[in-house]
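Everything below concerns the one structure shown next.
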Amino acid sequence: MAAKMSVRHTLYFNDITHTDQISFVFGSINGQLRSAFSKLSALHAKNVFSFAIVTGNLFGEAQDDDQLTDLLEGRMTIPCPTYFTVGTISMPPRVVERIENDEEIAPNLHYLGKRSVTKTSEGVRIVALGGVLDLNIVAGLSKEQHEPFHTEGDAKALRGANNADILLTAMWPSDIWKNSSKAKELQIGAETAPSSQTIAELCEALKPRYHFAMSSGDFAFEREPFFPDGAEDDKEKGIALTRFLSLAPWANTAKAKSMFAFTLNRDAIITPPAGSTLTPFFKAAPKKRTADQAEFSRFGNHTHDHDHRRRKHRRERSPPPGPDRCFFCLSNPNLPTHMVCSVGEDVYLATAKGPLPASDTFAAQGLDFPGHFIITPLTHAPSLSAAAMGEAEAKSTFAEMRRFRESLQGMVAGASRRKLGAVTWEINRARNIHVHWQFMPVPAKMVSEGLVQAGFRVLAEDLKLGKVAVKDFGTADEVPGDYFRVWIWAEEDGEDGGKVVGKSLLLQFDEGVRFDLQYPRKVMAKLLGLENRMVWQDVVQSEKEETADVAAFRKAFKEWDFTLA
């Protein structure tokens, strides 16, 4: 069903006063660079925009080479910072080359990346997801940052951004037309424009003030503002109101609205404005996990062979799951998103299912949550090696995992006034499903007195796993073969302030060793006196408890979370 066309083609201003910072949005420019930026310059001279956004396609399929050359050589004036992401067509090779070389495309023209979180100089938080959904990609995240497609994993990874002032997508969110009298009047529905359920879930999770998406034809659609189902507990915080707008292409023949000026209202909205509606999105009931899926719970501490009695049975089962069934992959449709705490460029942070410490284990030291976390690469790979990921990706992934570890260490030490240190471990095996690290607090005194180091040594001997070697603290070298690695860290008071104490331990083993994947959890359980919580399945929390722990952690981690910068 075709949408009726809007005939408004002049600049539209939304709720702007003379004292507000005004921002500007274009529909797809489709390569008409000279005329579009000339118009922007004329409008900017009168209104002084803080920044501009281009939705959809900035460049055209048959891009005029002279206009592109003028742009790339700086002969085209762009009067204010202007942001764009990839639309539905490939960008010109010369533009892609500059992006890949990390070079400036043109003064004041900024490529957001296909999947990104950006904060402007004015502090406006823009979350972008360009391209159309490609269900044929089996990997969790798309690698090319300039191709016009994305995966479900890309959309799900961005949920970890937690919030957004502006959400910029190429596709519409599914069901955006529901509860809308405007959509009914304009005959807008599922056939109007390409839409995606994962985009709807992303919009629902981030609750942006504005959601801009490209139009698939010469028409514009501005939906009534909508707000989440359910009242806010904090009345002063107000209602998360979202406005969705899809602009027509620049200079379209139908003269449909292709420009929009607006200001972000940062004041708390206590009462929904007239004409607003409940959210058009809904949450589907969570699917029940099958027994096979439960085997590979991504937060379950390697449940695929945690019990010696079940190893033989597992060897007779099917091969390890791929990204669509791996519970460490954000592309898995059954992932428990409420446990994801933070998402970086290459890595995400989540709480552990069935954490070893309870929510009150470290209450006396200042933590009101378990503090047991999983640090996981976004890429589905068995190890942090160049062979598994490629040299550049392995290096950047390791660096960000270390950054998460160090941020967690800083948070734990600060919250506990240096009474707590931390232990982080990695198990690397050729037959791993998805490599990750586990992080857990530990009393700093146990670290300084060598008890943690001794605990790993003694249990390794008892289980006949091999010899634990001491490495220089902070070693980041790639280790060949199968191994267990642990970072033991604490910060204690000294004459000159804080003093770091700890060790890095390495235990290498070959395929002939039946490595007990619960070895590090057993060590920590004995040290902390939590033997009754040894088996993670026995201490699984309710979703409500898990959600509460995530909220408490985010509050404590806010100043340490580098993904929010």
note = Proxy exposure order for LEU135, LEU527, LEU109 (fewest C-beta within 10 Å first) is LEU135, LEU527, LEU109
remark   = Pseudo-spin-label distance ASP368 to GLU61, built 7 Å along Cα→Cβ, given in nm, is 5.7
task = Give me THR69, THR547, THR151, THR271 ranked fewest to most by other Cβ atoms within 10 Å of their Cβ, as a rough exposure proxy.
result = THR271, THR69, THR547, THR151
message = Output needed for the range 489-558: three equivalent-ellipsoid semi-axes, defined as square roots of 5 times the C-alpha gyration tensor eigenvalues, in descending order, whole Å.
response = 27, 26, 12
request  = Over 23 Å between C-alpha atoms is what I'm after, so list which of LYS445/LYS471; LYS353/LYS526; LYS419/LYS467 land there.
outcome  = LYS419/LYS467
query = For LYS467 and ASP229, FRET efficiency with R0 = 45 Å and r from the beta-carbon atoms, rounded to 0.05?
reply = 0.20
Paired Rg and Dmax values of the range 12-267, which use every Cα atom, in angstrom = 17.6, 56
task = Over the range 12-267, calculate the relative contact order: mean separation of alpha carbon pairs under 8 Å at least 6 apart, over the residue count, as a percent.
result = 21
Neighbour net charge for ASP360 - beta-carbon separation under 13 angstrom, K R +1, D E -1 = -2
task = With unit charges on the beta carbon (Lys/Arg positive, Asp/Glu negative), name the residue among GLY153, ILE22, THR118 whose Cα is farthest towards the positive pole of the charge dipole of the range 12-267.
result = ILE22
ask   = How much net charge surrounds ALA106 when only other residues with a Cβ under 11 Å from its Cβ are counted (Lys, Arg +1; Asp, Glu -1)?
value = -2
remark   = The relative contact order of the range 482-538, taking Cα pairs under 8 Å that sit 6 or more residues apart, comes to a percentage of 27
note = Exposure proxy check on GLU73, GLU224, GLU449: fewest-to-most Cβ neighbours within 10 Å is GLU73, GLU449, GLU224
message = If amide hydrogens are placed 1.01 Å from N in the peptide plane, which non-local residues have theirs closer than 5 Å to the one on GLY60?
response = GLY31
task = Starting from the amide H of GLY421, placed 1.01 Å from N in the peptide plane, find each other amide H under 5 Å away whose residue is 5 or more places distant or on another chain.
result = VAL442, ALA444
ask   = What does the charge dipole of the range 12-267 about its Cα centre add up to, to the nearest 20 debye, if the Cβ of each Lys and Arg holds +1 and the Cβ of each Asp and Glu holds -1?
value = 500
query = With the Cα gyration tensor of the range 397-455 giving a ≥ b ≥ c as the square roots of its eigenvalues, does the rule (a/c under 1.5 for rounded; else a/b larger than b/c for prolate; else oblate) give rounded, prolate or oblate?
reply = oblate
ask   = Between ARG266 and ALA548, what is the FRET efficiency for a Förster distance of 30 Å, r being their Cβ-Cβ separation, to the nearest 0.05?
value = 0.60
query = Could you state the per residue volume, in Å³, of the convex hull enclosing the Cα atoms of the range 396-517?
reply = 109
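Every read-out reported here was derived from the displayed coordinates using simple, explicitly stated rules and does not represent laboratory data. Remember, it's a predicted structure, so these values are computed and weren't measured experimentally. No Cβ is skipped: glycine too gets one built from the backbone with ideal geometry, and neighbour counts run over all protein chains shown.
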